[in-house]
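These notes are about the structure you will find just below.
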Amino acid sequence: MTAGPDAQIGTLGDDLVLLSVSQGGGRVSAPNVTGVGLMGAELVRLAASGRVDITGGRITVLDPAPTGDAEADAALASLAAQRRPPRASAWCSRPRRGICDAYLARLAAAGVLQRQEQTRLGFIRVTRWQVTDTVRLTDARARLDAIAQGTGPVDLGQAAFGGLAHAIGLAGRLYPGRDGRDRRKRLELVAEGGLTAGPDEPAQHAHHAVPHSVHAASHAAVSAAVHSATHAAVSAAHSAHAAGAGHGGAAHGGH
């Protein structure tokens, strides 16, 4: 059964982290970049629940009351604390401290991941995560595959999932080489927003019209994540190269 847009939006952050861990050898690949994607996912979730709106590229809080979800509440509190409505691109590009660790912890608490501590060279501690709920992983991968292999327009949930997956670099890892070229291109087009059904335009598998504010949030979040993630990835690559050269290429632990 294909999950509706609301269901996909509700698990956006968890899905991105789960797929990142599964493709990163038990670690979140490029956590700074993934953090940008998670900020985008939270923005979409808040818009979908009617808590925020986006007008002229700026985010306005409509309802600051707690949602009951710890990460969504942290995002909402961050937005509410701003002196003026922040630009979506700027807000998404500054992941809050520990955002990836928070999602890893919630997936572990739900029994989806299990934390494993390893030691290298006798003193370097490395944290890795084992996927314990393979059904949950298979479901997330199947939903992304359906988006990447599709041919028509996508609904809101698919646009957010596929676009943010592209933004954090999952497309290249999940669909490598020449065989995956068409799927990578498809997710790139999804990220650009050209395949998303508008508020009054039904998409494949869509069950209801998408409110304008949610559509705007999805487009803004994905666009911001794509550009911010690209910049973050380049910066991270330069930093990693410099650190490796400065330490003789020694391995470093951590998430």
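The values are calculated or read from the model by the stated rules, or taken from the named source; none is laboratory data. Since the model is a prediction, treat every value here as computed from it, not as a measurement. All Cβ positions, even for glycine, are placed from backbone atoms using ideal geometry, and neighbour counts span all protein chains on display. Keep in mind that these areas ignore ligands, DNA and RNA; they rest on the heavy atoms of the full protein, side chains included. Shrake-Rupley method; radii C 1.70, N 1.55, O 1.52, S 1.80 Å.
Remark: pairs (first residue in the range 114-131, farther than 19 Å from Asp101 by Cα and of a type in the set (Ser, Thr, Tyr); second residue in a strand (DSSP E or B) and open to solvent by less than 40 Å² (accessible area, probe 1.4 Å); Cβ separation under 9 Å; 6+ apart in sequence or on different chains) = Thr119/Val126.
Scanning the range 64-78 for residues that are open to solvent by 10 Å² or more (accessible area, probe 1.4 Å) and in a helix (DSSP H, G or I) returns Ala70, Glu71, Asp73, Ala74, Ala77, Ser78. Candidates Ala41, Ala88: the one that is in contact (Cβ under 8 Å) with a residue 60 or more places away in the chain, in contact with a strand residue (DSSP E or B) (Cβ under 7 Å, 6 or more places away or on another chain) and closer than 17 Å to Ala160 by Cα is Ala88. For Val126, all conditions in the list (1) in contact with a strand residue (DSSP E or B) (Cβ under 6 Å, 6 or more places away or on another chain); (2) open to solvent by less than 20 Å² (accessible area, probe 1.4 Å); (3) part of a helix (DSSP H, G or I); (4) among the aliphatic types (A, V, I, L, M) hold save one; what is the number of the exception? Going through the list (1) in contact with a strand residue (DSSP E or B) (Cβ under 6 Å, 6 or more places away or on another chain); (2) open to solvent by less than 20 Å² (accessible area, probe 1.4 Å); (3) part of a helix (DSSP H, G or I); (4) among the aliphatic types (A, V, I, L, M), Val126 breaks only (3). Checked against the criteria, Ala165 does not count as closer than 25 Å to Gly111 by Cβ and modelled with pLDDT of 95 or more. Looking only at residues of the range 157-195 that are in contact with an Asp or Glu (Cβ under 9 Å, 6 or more places away or on another chain) and open to solvent by 10 Å² or more (accessible area, probe 1.4 Å), we find that the one that is farthest from Gly35 (Cα to Cα) is Arg183.
Note on the range 147-156: among residues that are small (Gly, Ala, Ser) and touching a helix residue (DSSP H, G or I) at 6+ places or on another chain (Cβ under 8 Å), the one that is least open to solvent (accessible area, probe 1.4 Å) is Ala148.
For Ile54, the conditions (1) more than 29 Å from Gly172 (Cα to Cα); (2) at pLDDT 90 or above; (3) in contact with a Ser or Thr (Cβ under 9 Å, 6 or more places away or on another chain); (4) surrounded by 16 or more Cβ atoms within 10 Å (Cβ to Cβ) are fulfilled apart from (2).
Quick one: how many residues across the range 91-114 are more than 17 Å from Asp73 (Cβ to Cβ), open to solvent by less than 30 Å² (accessible area, probe 1.4 Å), in a helix (DSSP H, G or I) and out of contact with any Pro (no Cβ under 8 Å at 6 or more places or on another chain)? Working first, answer last.
Kept after step one, since they are more than 17 Å from Asp73 (Cβ to Cβ), are these residues of the range 91-114: 92-94, 100, 104, 107-108, 110-114.
Cutting the leftovers down to open to solvent by less than 30 Å² (accessible area, probe 1.4 Å) gives us 92, 100, 104, 107, 112-113.
Next, from what is left, pick out any that are in a helix (DSSP H, G or I): 92, 100, 104, 107.
Then keep just the ones that are out of contact with any Pro (no Cβ under 8 Å at 6 or more places or on another chain); that gives 92, 104, 107.
The qualifying residues number 3.
The listed residues are Ser78, Ser49, Ser29, and the only one of them that is out of contact with any Cys (no Cβ under 9 Å at 6 or more places or on another chain) and under 20 Å from Asp145 (Cβ atoms) turns out to be Ser29.
Leu144 passes every criterion in (1) open to solvent by 50 Å² or more (accessible area, probe 1.4 Å); (2) within 14 Å of the chain's Cα centre (by Cα) apart from (1). Residue check: is Val28 in a helix (DSSP H, G or I) and not basic (Lys, Arg)? No, not satisfied.
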